[in-house]
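First the structure, in the form of structure tokens, and then the observations on it.
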Amino acid sequence: MMKNVLILICLFINSIAIGQMMKKELTEEEKRVIVYKGTERPFTGKYYDFKEKGTYLCKQCGAPLYYSEAKFDSGCGWPSFDEEISGAVKRVPDVDGRRTEIICAKCGGHLGHVFIGEGFTPKNTRHCVNSISMDFLPENGKDTETAIFAGGCFWGVEHLMRQQPGILSIEAGYIGGNTEHPTYKEVCSKTTGHAEAVRIMFDPSKVSYTTLAKLFFEIHDPTQTDGQGPDLGDQYRSEIFYTTDRQKEIAEELIRELKGKGYKVVTRVTSATDFWKAEDYHQDYYNKTGKEPYCHRYTPRF
Ligand SMILES: [Zn+2]
């Protein structure tokens, strides 16, 4: 919950800047869609065939509306999302009496329509949104950067890294496998190839990637192959999923340093693939349950 609050605060601050910038004036075409509830022509919008990672914002007021991981290709010709950011989008009956219109919860700007029960994704929901109603904030913009670490049970990694200042959000999830929308049960069955991992959004002006990566190497055992303590299986492997070339260099440099100290590090360094957020009950697990990690503890190694 705290991470959501933090990210929303962060995005809200961004949104104030962007909102002020954007609210100055809308173009005629933007007004036609956002104010007068028009529709852009299919297959023409800026974000229809767009797969960058980041956050979609309301063009009119800058409020964050959708994360890129909720976006999917429906073939309909408009950007499609199966989930909005909590509380960001309001559903209202369309004047046509049939459809459900979606509007920005903050400014009321027209976004598009929402359709239920089409079966495109497990969430069974399609927000069909006009590109022109949105702006896009890239994940690795100048204000934020993303780091992804796999080091055994994600409960422990999340718990011990969460306390690091400069982290804006931290989520438990799955990465590095070969299926989409994996569940905990599937990952535990060791058939999908995913690793349990955490995804961290951080402010590089407050904490460096080097600091985070060092912390990662000190809160799990990077010398154990396919497991952490009693947790055995390749979903518990040690792996760094880098999102920039610089992160890759730093990770490799730290591994060299540890090897120089005699640690037989087995941590893999891999380019990040899709990160699938884990089920809600895995998020912030130890704080919610009041338990303590059994498989992770801080051990100085640098
Ligand atoms: Zn808005």
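Some notes on this structure:
- Restricting 36, 48 to residues that are within 25 Å of residue 180 (Cα to Cα), away from the ligand (no atom under 11 Å from the Cβ) and either not in a strand (DSSP E or B) or not assigned by TED's automatic domain parsing to the domain that holds residue 279 (or both) narrows the list to 48.
- The set of residues from the range 51-73 being within 12 Å of the ligand (Cβ to nearest atom) and under 17 Å from residue 274 (Cα atoms) is empty.
- So residue 94, is it of a type outside the set (S, T, N, Q), in contact with a helix residue (DSSP H, G or I) (Cβ under 8 Å, 6 or more places away or on another chain) and more than 12 Å from the ligand (Cβ to nearest atom): no
- Exactly one residue among 127, 159 is closer than 28 Å to residue 244 by Cβ, of a type outside the set (A, V, I, L, M, F, W, C), under 23 Å from the mean Cα position of the chain (by Cα) and not in a loop (DSSP other than H, G, I, E, B), and that residue is 159.
- The set of residues from the range 122-159 being more than 16 Å from the ligand (Cβ to nearest atom) and aliphatic (A, V, I, L, M) comprises 147, 148, 150, 157.
- Here residue 45 meets the list (1) touching a residue at least 12 places away in the same chain (Cβ under 8 Å); (2) in contact with a strand residue (DSSP E or B) (Cβ under 7 Å, 6 or more places away or on another chain) almost entirely, failing just condition (2).
- Criterion: in contact (Cβ under 8 Å) with a residue 40 or more places away in the chain and within 15 Å of residue 172 (Cα to Cα) - qualifying residue of 298, 263, 236: 236
- Residue 119 vs. criteria more than 14 Å from the ligand (Cβ to nearest atom), in a loop (DSSP other than H, G, I, E, B), of a type in the set (Gly, Ala, Ser) and more than 23 Å from residue 182 (Cα to Cα): no
- Residues (among the polar types (S, T, N, Q) and surrounded by 23 or more Cβ atoms within 10 Å (Cβ to Cβ)) located in the range 113-143: 130, 133
- Among residues of the range 97-108, those that are within 12 Å of the ligand (Cβ to nearest atom) and within 17 Å of residue 120 (Cβ to Cβ), counted: 1
Quick grid of which residues meet (1) outside the structural domain of residue 283 (by TED's automatic domain parsing); (2) outside any strand (DSSP E or B); (3) in contact with a helix residue (DSSP H, G or I) (Cβ under 9 Å, 6 or more places away or on another chain); (4) modelled with pLDDT of 95 or more:
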residue: 165; (1), (2), (3), (4): no, yes, no, no
residue: 170; (1), (2), (3), (4): no, no, yes, no
residue: 174; (1), (2), (3), (4): no, no, yes, yes
residue: 177; (1), (2), (3), (4): no, yes, yes, yes
residue: 180; (1), (2), (3), (4): no, yes, no, no
residue: 190; (1), (2), (3), (4): no, yes, yes, no
residue: 201; (1), (2), (3), (4): no, no, yes, no
residue: 206; (1), (2), (3), (4): no, yes, no, no
residue: 210; (1), (2), (3), (4): no, yes, yes, yes
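- Candidates are the residues of the range 83-112 that are among the aliphatic types (A, V, I, L, M) and buried (at least 22 other Cβ atoms within 10 Å of the Cβ); the one that is modelled with the lowest pLDDT is 89.
- For residue 85, the criteria (1) within 18 Å of residue 125 (Cβ to Cβ); (2) away from the ligand (no atom under 14 Å from the Cβ) hold in every case but one, which is (2).
The values are calculated or read from the model by the stated rules, or taken from the named source; none is laboratory data. Remember, predicted model here, so these are calculated numbers, not experimental data. Cβ: placed from backbone, ideal geometry, glycine included. Neighbour counts: every protein chain shown.
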